[in-house]
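*Asks:* Pasting a structure here, questions to come.
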Amino acid sequence: MNPENKRESIEVLYDEPLPSTRTGALYNAFSYPTKISAEAIALFIATHTQPGDTVLDTFGGSGTTGLAAKLCDIPTKNMIKLAFDRNITPKWGPRKAIIYELSVLGALVSKVMCTPPNPAQFEAAATDLISRFNEKYSWLWEAIDPQGISGELRHTVWSEILVCPSCGFETTFWDAALTREPLKLGKHLICRECGSTSKIDDCERATEKYYDRHLKKYITKRKRKIVRVYGCTNSKNWQRDPLKSDYKLLEKIKREKLPDTAPIEELVWGDLYRSGYHKGITHLHHFYTDRNFLVMCALWDELNNSPKAMIPSLKMLILSYNSSHSTLMTRVVIKKNQEELVLTGAQSGVLYVSGLPVEKNISKGLARKIKSLKNAFACVYESKSNVVVINKSSEKLKEKTGSVDYVFTDPPFGDYIPYAEINQINELWLGKKTNRTNEIIMSATQNKGVDQYESMMSTVFGEMARVLKKDGVATVVFHSASSSVWKALSNSYLSNGFSVQATSVLDKVQSSFKQTVSNVSVKGDPLILLTKSKSMVEVSSEKWDIEKIIHTMVKQAKKSEIEAEMTPERIYSRFISFCLTKGIEIKIDARNFYQYLESADVSK
Ligand SMILES: C[S@@+](CC[C@H](N)C(=O)[O-])C[C@H]1O[C@@H](n2cnc3c(N)ncnc32)[C@H](O)[C@@H]1O
Ligand SMILES: [Zn+2]
């Protein structure tokens, strides 16, 4: 492509926000916080590079940039249509990708996804694993139905116990709060013993001292009780209150010997620890019911009898279900106009244990997940792109100076997600934890403030600048509601000779939980194109009037008549992009920005 056409194509690419959808086999294969769509990244790679070129991601996460490199060789209909509609002219064909990721979990997922097993062989090995497990352990899920006929548990709901502030009487949260017709969770406890009414939020949660047979000592933890049992007999679903036989089974499970390989491992708590709330949760097994910890241990042990080549992908299968569905972080929620409680996975980005945790039937869940992983592997199995995954910190890259054509990366956003702390729920099964010393993050418990964050990011940008070819560019996805984090980011690339050539927004079509609930979120992540050669955008020395810029941004948003452009979050992203392009220091946090937008003047 001649340089003029290439430049034009790149301008078009950054002109309008590209959609990053949260659907499809590749996206759903493994839930990793802040993941982006491989199809969107592939358009960037195929526009910025030629077939055969080398692409680097210094913060690989679950390997999406690697998958995108794979897709460049076998573009989906969606990608081809998007490129056509947007007038972008990508060059499809195989690429080489190098993925650095510090996290042990992220690196495993990246490796499996980017060098997938034969999909049919994977399916056979996974099906075989589950049936070997079921042969030995199906008794864990036995339950009689309301007619007294033997059936299988689908899941059970547990509840925390509330303590009446007036008399100390204990009631399950389930009994106190749940009412039917319509189904809702009330906010008050009316004590059966003394008749007093108290706010549930003000009630203490009951704790109990019990003998932890794995730790061989007494510990105190929050009390939880099984409150509802859901099962299936001859393909017919049923539900009922717990029976004596359920308690008897739970007692039997408590005495069952665990395989010798069981990981009785201590958790390393960090910023996500809440005292009281996480009381007694000191080890991995405290995140599980006795039944589901046994299931996980037995499945993990059974892996040793699977074909060796399939073990990494089978581990990924079990872990893809584990942190979202196998622990006490799995929950029920109430949805509008639904008569029944809705089962849902763990909240992403936190280690929250619900007041009504759910104990799912793991082997049933895994059996359902096999197909979706097989489909994900099939999406990229035929690609000729070559992806190498390196489980190391990107503060020091092995690559030669001037050997990389393009970087696409999505760095950790300040204090947004403590990856190593969250990922340990899966990594303790893998037997290897992320080395937090090298984790680039702002974290009070790790003693890393914004200066440390900036200095570590700077080291990575320095390495990026070194390995990139002279005319190589880097696309960086970034998101923060804090001006100091933006400043740290811009200092780290500016101090390494990068300048901003263009900016855009990655339109995350359906926000992740954290982005929706946080009222200081930035909808759609800004995208920054960095160049080592002098930027084509003039950085002016003119003194900018911030208020004027905000007014201009609002005017532009209104003029666009696009709803997403008119949201405060998008206007903040546009404001950030403008400032980064012009080299203006970002001095305003999202929260203050939104307050300013609300002031009468701006809306005029
Ligand atoms: C925003 S996430 C990347 C998510 C990725 N785009 C995806 O789609 O899955 C940032 C990643 O940087 C990783 N990370 C943090 N410090 C690192 C370091 N020093 N070297 C390499 N990776 C690091 C974190 O473990 C995390 O997975
Ligand atoms: Zn009472």
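The values are calculated or read from the model by the stated rules, or taken from the named source; none is laboratory data. Quantities reported herein were computed from a predicted structural model and do not represent experimental measurements. Virtual Cβ from ideal backbone geometry, glycine too; neighbours counted across all protein chains shown. Protein only, heavy atoms only, side chains kept; ligands, DNA and RNA dropped before computing areas. Shrake-Rupley method; radii C 1.70, N 1.55, O 1.52, S 1.80 Å.
*Asks:* Return the pairs, sorted by first residue and then second, in which the second residue is assigned to a helix (DSSP H, G or I) and open to solvent by 30 Å² or more (accessible area, probe 1.4 Å), the first residue lies in the range 319-343 and is under 24 Å from His278 (Cβ atoms), the beta carbons are less than 6 Å apart, and the residues are 6+ apart or on different chains.
*Replies:* Tyr321/Lys369
*Asks:* Would you check which residues across the range 165-179 are among the β-branched types (Val, Ile, Thr) and more than 13 Å from Ser198 (Cβ to Cβ) and list them? First the steps, then the outcome.
*Replies:* Going residue by residue through the range 165-179, those that are among the β-branched types (Val, Ile, Thr) are 171-172, 179.
Thr172, Thr179 - these are the residues of the range 165-179 that are among the β-branched types (Val, Ile, Thr) and more than 13 Å from Ser198 (Cβ to Cβ).
*Asks:* Can I ask one more? Does Leu162 satisfy the criteria of being more than 22 Å from Ala378 (Cβ to Cβ) and crowded, with 22+ Cβ neighbours inside 10 Å? Don't jump to the end; show me each part of the working.
*Replies:* Working: more than 22 Å from Ala378 (Cβ to Cβ): yes; crowded, with 22+ Cβ neighbours inside 10 Å: yes.
Answer is yes for this residue.
*Asks:* Can you name every one of the helices (runs of 4 or more DSSP H) wholly within the range 414-529 that holds 1 or more residues which are modelled with pLDDT under 95, surrounded by fewer than 22 Cβ atoms within 10 Å (Cβ to Cβ) and small (Gly, Ala, Ser)?
*Replies:* Values: elements: 419-430, 450-467, 483-494, 513-517.
Hits in the range 414-529: 483-494.
*Asks:* With the structure loaded, tell me whether Asp545 is under 29 Å from the mean Cα position of the chain (by Cα) and open to solvent by 40 Å² or more (accessible area, probe 1.4 Å) or whether it fails that test.
*Replies:* Working: under 29 Å from the mean Cα position of the chain (by Cα): no; open to solvent by 40 Å² or more (accessible area, probe 1.4 Å): yes.
The answer is no for Asp545.
*Asks:* Would the range 85-99 turn up any residue that is part of a helix (DSSP H, G or I), more than 16 Å from ligand 1 (Cβ to nearest atom) and in contact with a Leu (Cβ under 9 Å, 6 or more places away or on another chain)? First the steps, then the outcome.
*Replies:* The first filter runs over the range 85-99 and keeps only residues part of a helix (DSSP H, G or I), leaving 85-86.
Checking the rest, the ones that are also more than 16 Å from ligand 1 (Cβ to nearest atom) come to 85-86.
Going one step further and asking which of them are in contact with a Leu (Cβ under 9 Å, 6 or more places away or on another chain), we end up with 86.
Yes - at least one qualifying residue is present in the range 85-99.
*Asks:* A further question follows. Checking the conditions here, which among Leu43, Leu26 is under 21 Å from Ser577 (Cβ atoms) and touching a residue at least 24 places away in the same chain (Cβ under 8 Å)? Lay out the reasoning, then the answer.
*Replies:* Values: Leu26 fails: under 21 Å from Ser577 (Cβ atoms).
The unique qualifying residue is Leu43.
*Asks:* OK, next. Would you pick out the residues in the range 67-79 that are closer than 17 Å to Arg22 by Cα and of a type outside the set (S, T, N, Q)? Explain how you work it out, then say what you get.
*Replies:* Keep residues of the range 67-79 that are closer than 17 Å to Arg22 by Cα, which gives 67-68, 71, 76-79.
Once the filter is applied, which keeps residues that are closer than 17 Å to Arg22 by Cα and of a type outside the set (S, T, N, Q), the range 67-79 yields Leu67, Ala68, Leu71, Lys77, Met79.
*Asks:* Considering the range 311-336 alone, what residues qualify as being farther than 21 Å from Asn361 by Cβ and open to solvent by less than 20 Å² (accessible area, probe 1.4 Å)?
*Replies:* Let us first name the residues in the range 311-336 that are farther than 21 Å from Asn361 by Cβ, namely 311-313, 334-336.
Passing the criteria: only Ser313.
*Asks:* I need the full set of residues from the range 266-310 which are loosely packed, with under 15 Cβ neighbours inside 10 Å, over 25 Å from Thr220 (Cβ atoms) and among the β-branched types (Val, Ile, Thr), in order please.
*Replies:* Result: no residue meets the conditions.
*Asks:* For the range 552-576, what are the residues that are small (Gly, Ala, Ser) and either modelled with pLDDT of 90 or more or in contact with a helix residue (DSSP H, G or I) (Cβ under 8 Å, 6 or more places away or on another chain) (or both)? It would help to see each step written out before you state the result.
*Replies:* Pass one, the range 552-576, residues small (Gly, Ala, Ser): 557, 560, 564, 573.
Matches in the range 552-576: Ala557, Ser560, Ala564.
*Asks:* Testing Ser483 on (1) more than 15 Å from ligand 1 (Cβ to nearest atom); (2) closer than 26 Å to Ala38 by Cβ, one condition comes back false. Which one is that?
*Replies:* (2)
*Asks:* So, one more: Just for the range 16-68: of the residues that are of a type in the set (S, T, N, Q) and part of a strand (DSSP E or B), which one is least open to solvent (accessible area, probe 1.4 Å)?
*Replies:* Applying the first criterion (of a type in the set (S, T, N, Q)) to the range 16-68 yields 20-21, 23, 28, 31, 34, 37, 47, 49-50, 54, 58, 62, 64-65.
Filter again for part of a strand (DSSP E or B), leaving 20, 54.
Working: Ser20: 3, Thr54: 20 Å².
Only one residue tops the list, namely Ser20.
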